[in-house]
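**Student:** One structure is given below, represented as structure tokens, and several questions about it will come after.
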Amino acid sequence: MNFLETFKVALEAILSNKMRSGLTMLGVIIGVLAVILLVSIGEGARVYITKELTGLGTNLLIITPGKTTTSGGFHPPSAGTVRKLTYDDAQALRRRAWMLTDAVPIVLGTGRIKFRNLGRDTMVIGTTPEFQRVRNLFVGTGSYVSQSDVDTKAKVVVLGTKVKEELFGDQNALGQVVMLSDARYRVIGVMQKKGTSLGWDVDDVIFIPVTSGQDLFGTDSLFEILASTPRAEDVERAIAQIKSILVKRHAHKEDFSIQTQGAMLSTMDTILGVLTAVLGGIAGISLLVGGIGIMNIMLVSVRERTREIGIRKAIGARNSDIMAQFLIEAITLSGVGGVIGILLGVGIALIIPLFVTVLPTSVSAWSIVMAFSFSMAVGVFFGVYPARKASLQDPITALRYE
Amino acid sequence: MIELRDISKNYRMGEMDICALCGVSVTVNAGELIAIMGPSGSGKSTLMNLLGCLDRPTSGTYTFEGREISAMNDDDLAHVRNAKIGFVFQSFNLLPRFSALKNVEMPLVYSGIPAKGRTERAVPVLEKVGLKDRMFHKPTELSGGQQQRVAIARALVNNPPLLLADEPTGNLDSHSGEEILNILVNLNNQGVTIMIVTHDHDVAARCKRIINLKDGKIVGDQVAP
């Protein structure tokens with residue numbers, strides 16, 4: 001008896017009890033749907049984070065003052081030995097670290113910006129012209145902070161679009177004078193609209209020359225230095241170069257840390273990969289429950305059709321024919337349930353982002369393949385026992401079964 | 001065609017072994033029409049199951065067309081049942097979900113014959129038992145006599161040399177029973193070896209040979225004059 005014949009017999013049996021078959025399949029459908037849906041939500045989060053981090057600028061290096069160690073453990077702070085990062089450190093990197101395309105000194109703080117009677121507390125970032133390139137944030141109208149602005153500690157400011165709208169509305173802001181912590185600043189540019197990135201509103205900031213920022217916040221140190229390399233492969237060698245230059249300037253102490261975009265990316269990737277696997281695993285349990293449903297219904301079915309098994313054996317069915325008939329019935333239930341579950345899961349995963357914008361989803365091919373093969377495997381695993389039970393029925397007792 | 005030599009079939013009941021058949025020896029030649037009679041518990045059904053290759057004897061040898069049945073494995077037995085033996089049961093044993101035609105085709109499925117060839121072979125057999133016009137009906141839509149005729153068609157579809165009938169008229173009214181019996185006698189005239197288990201002396205009277213069983217032993221074996 002060939003496969004197609006057996007399949008026809010199994011399909012016929014499934015269709016002869018549509019309600020029961022449908023409910024049994026529902027268990028598998030929900031299981032597969034849950035796997036596809038949860039995995040695509042996990043994947044969606046991963047893709048989103050990766051995109052956002054990459055959007056910050058590729059091949060990015062972040063140099064921060066103070067030593068943090070990746071190997072863990074407790075390091076007592078040795079007072080007075082931690083040197084701050086200075087504007088001169090950044091200048092030294094710009095001049096001597098030839099592996100770097102840029103080395104941008106950053107100061108960061110908050111300030112109250114006022115125009116006439118309107119005011120707003122906002123984030124103030126002191127930068128140099130290269131910041132635009134390193135962070136992929138560009139000026140929209142007017143111009144950005146120039147090198148001569150930095151050199152002369154010019155009191156000029158570039159506004160994020162949100163700050164501009166709050167203070168000026170539809171009016172032209174260029175050339176206007178605003179007050180920033182009691183100092184007069186001239187607006188020279190407005191940034192492009194960028195939106196929120198990783199929970200940080202990029203439009204709700206203002207940019208001033210880094211030197212003016214140090215004056216504003218009364219400090220000679222930097223928050224961080226952003227550096228970038230032309231190619232991702234150069235990152236490791238660039239780190240070595242930065243270290244050798246800065247260590248010399250810092251009395252031979254490595255009192256700074258260098259984070260790379262790639263390292264952050266891979267850390268996030270790992271965390272979210274684990275998250276996805278956990279979500280998929282939880283969903284997998286419901287698929288398992290669906291499988292138990294199949295086994296349950298197959299056992300009932302074998303019992304109900306004891307006489308049929310006896311008749312089939314009497315007219316020449318081998319044990320393996322009976323086994324195949326019931327096994328294929330179980331696999332068909334789980335397989336069809338799997339396909340329906342995939343269609344529903346993918347459909348819902350594609351619809352979700354249209355209504356819930358904060359929940360990005362990404363349907364991955366591997367989750368579909370995995371969910372389907374898992375559902376088939378569930379059919380085989382939970383179908384074997386009932387099918388074997390059917391095939392080993394004694395034909396004489398089976399024929400007498402009422 | 002069939003040779004049973006010193007066949008015993010024992011069942012364990014608690015501590016005791018009880019023999020349902022105790023050393024039965026029978027020879028059946030091709031073309032015979034045999035009635036097997038005896039009271040309940042005499043071993044008729046056990047003998048039938050052994051002859052039909054649904055069961056194996058505890059001891060003794062069973063040779064069917066020169067082949068030793070008692071030594072065969074399950075798959076070989078299934079093949080013999082499929083190709084060499086047709087069964088007719090008291091309670092018809094048709095599959096209720098399938099039409100008469102599909103029921104008759106069923107043994108051919110296990111012979112590995114493709115769908116088209118099955119129908120080509122099943123339809124003439126149904127015609128032979130006078131049910132061609134009812135072949136798309138399900139068993140529940142047929143009378144008892146008609147169901148038994150479908151069962152006979154199913155037993156015949158693979159042209160087996162041996163037909164085993166277990167009380168084939170037991171569930172039928174006398175008119176339908178007579179019809180079924182006529183079909184069986186007719187088949188025997190065409191050369192099919194038939195063995196009928198029955199309580200009914202009228203049925204036995206139509207047979208050429210009557211074997212009487214009692215307590216697992218043959219107590220009578222006479223050929224009708």
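Derivation of every value follows stated rules applied to the coordinates shown; laboratory data play no part. The structure presented is a predicted model; accordingly, all values stated were derived computationally and were not measured. A quick note on method: Cβ atoms are made from the backbone with ideal geometry, for glycine too, and the neighbour counts reach across all protein chains shown.
**Student:** Could you calculate the contour length gain from A:S146 to A:K8, that is, 0.36 nm times the residue separation minus the distance between their Cα atoms, to one decimal place in nm?
**Tutor:** 41.9 nm
**Student:** Within 13 Å, Cβ to Cβ, of A:L275, how many net charges do the neighbouring residues add up to if Lys/Arg are +1 and Asp/Glu are -1?
**Tutor:** Net of charged neighbours comes to -1.
**Student:** Amide H to amide H, which residues 5 or more places from A:L108 or on other chains are under 5 Å from it, using H placed in the peptide plane?
**Tutor:** A:G126, A:F223
**Student:** Once each part is reduced to its C-alpha centroid, what is the distance from the range A:182-259 to the range B:89-154 in angstrom?
**Tutor:** Rounded to whole Å, the Cα centres lie 88 Å apart.
**Student:** While we're on this one: Tell me, what is the percent relative contact order of chain B, built from C-alpha pairs under 8 Å that lie six or more residues apart?
**Tutor:** 29
**Student:** For chain B, find the longest principal axis of its Cα atoms and tell me its angle to the long axis of helix B:100-110, 0 to 90°, nearest 10.
**Tutor:** So the helix axis and the longest Cα principal axis differ by about 60 degrees.
**Student:** Can you give the FRET efficiency for A:V177 and A:L344, using 1/(1 + (r/R0)^6), R0 = 51 Å, r = Cβ-Cβ distance, to the nearest 0.05?
**Tutor:** For R0 = 51 Å, the calculated efficiency reads 0.25.
**Student:** Take the Cβ-Cβ distance between A:H252 and A:E165 as r, set R0 to 60 Å, and report the resulting FRET efficiency rounded to the nearest 0.05.
**Tutor:** 0.75
**Student:** State which stretch of chain A is the longest one without any exposed chymotrypsin sites (Phe, Trp or Tyr not before Pro), exposure meaning a DSSP loop state and at most 13 other Cβ atoms within 10 Å.
**Tutor:** The longest such stretch corresponds to A:139-402.
**Student:** Moving to a separate point now. Which GluC sites (Glu not before Pro) in the range A:224-279 pass both tests, a DSSP loop state and at most 14 other beta-carbon atoms within 10 Å?
**Tutor:** Hits after loop and neighbour filter: A:E254.
**Student:** Measure off 7 Å from each Cα along the Cα-to-Cβ vector at A:T357 and A:S266, then give the distance between these two points in nanometres to one decimal.
**Tutor:** In this crude spin-label approximation the distance works out to 3.5 nm.
**Student:** Return the percentage of antiparallel bridges among DSSP beta bridges fully within the range A:83-254, rounded to the nearest 5 %.
**Tutor:** 75
**Student:** From the phi of every residue in the range B:135-148, what ³J(HN,Hα) in whole Hz does the Karplus formula 6.51 cos²θ - 1.76 cosθ + 1.60 yield, where θ is phi - 60° and glycine or proline is x?
**Tutor:** Along the range B:135-148, the couplings run 5, 9, 7, 7, x, 5, 8, 10, 6, x, x, 5, 4, 5 Hz.
**Student:** Given H placed on each backbone N at 1.01 Å, which residues far from A:D102 in sequence or on other chains put an amide H within less than 5 Å of it?
**Tutor:** Excluding prolines and chain starts, which carry no amide H, the hits are A:S228.
**Student:** Sketch the reach of a paramagnetic label on B:R67 as a point 7 Å from Cα along Cα-to-Cβ, and name the residues of the range B:191-217 whose backbone nitrogen lies under 18 Å away.
**Tutor:** B:193
**Student:** May I pose another question? What are the principal axis extents of the Cα atoms in the range A:83-254, in Å, biggest first?
**Tutor:** That gives 51, 32, 29 Å along the principal axes, largest extent first.
**Student:** When the chain is fully extended, how far beyond the present Cα-Cα distance does A:E304 get from A:D215, taking 0.36 nm per residue of separation?
**Tutor:** 23.2 nm
**Student:** A further question on this structure: Over the Cα atoms, compute the radius of gyration (one decimal) and Dmax (the largest Cα-Cα distance, rounded to a whole number) for chain B, in Å.
**Tutor:** In Å, with Rg to one decimal and Dmax whole: 17.5, 55.
**Student:** May I ask you to list the lysines whose Cα is less than 24 Å away from that of A:K193, ignoring any residue fewer than eight positions away on the same chain?
**Tutor:** Of all the lysines, those that pass the test against A:K193 - Cα under 24 Å, at least 8 places apart if same chain - are A:K51, A:K114, A:K155, A:K162, A:K164.
**Student:** Pull up the DSSP beta bridges for chain A and report the antiparallel fraction as a percent, rounded to 5.
**Tutor:** 80
**Student:** Output needed: Cys residues of the protein assembly as shown lacking any neighbouring Cys C-beta below 4.7 Å, sorted by number.
**Tutor:** B:C53, B:C207
**Student:** Under a plain spin-label model, where a point goes 7 Å from the Cα along Cα-to-Cβ, how far apart in nm are A:Q192 and A:L108?
**Tutor:** Label-label distance for A:Q192 and A:L108, simple model: 2.3 nm.
**Student:** Modelled label-to-label distance, A:T397 and A:E233, 7 Å Cα→beta-carbon offset: nm?
**Tutor:** Spacing of the two 7 Å Cα→Cβ label points: 7.3 nm.
**Student:** A further question follows. Starting from the Cα-Cα distance between A:K18 and A:K243, subtract it from 0.36 nm times their residue separation and give me the gain in nm to one decimal.
**Tutor:** That pair, A:K18 and A:K243, stretches by 73.9 nm at full extension.
**Student:** Residues of the range A:229-255 with amide nitrogen under 15 Å from the 7 Å Cα-to-Cβ point of A:K67?
**Tutor:** Those under the cut-off are A:243-244, A:246-255.
**Student:** Span-like helices, chain A: DSSP H, alpha-carbon axial extent 24 Å or more, mean Kyte-Doolittle 1.6 or greater, which ones?
**Tutor:** A:319-355
**Student:** Any idea what the alpha-carbon Rg over 2.2 N^0.38 Å comes to for chain A?
**Tutor:** Compactness ratio reported: 1.55.
**Student:** In percent, how large is the relative contact order of chain A, given Cα pairs closer than 8 Å and 6 or more residues apart?
**Tutor:** That works out to 30 percent.
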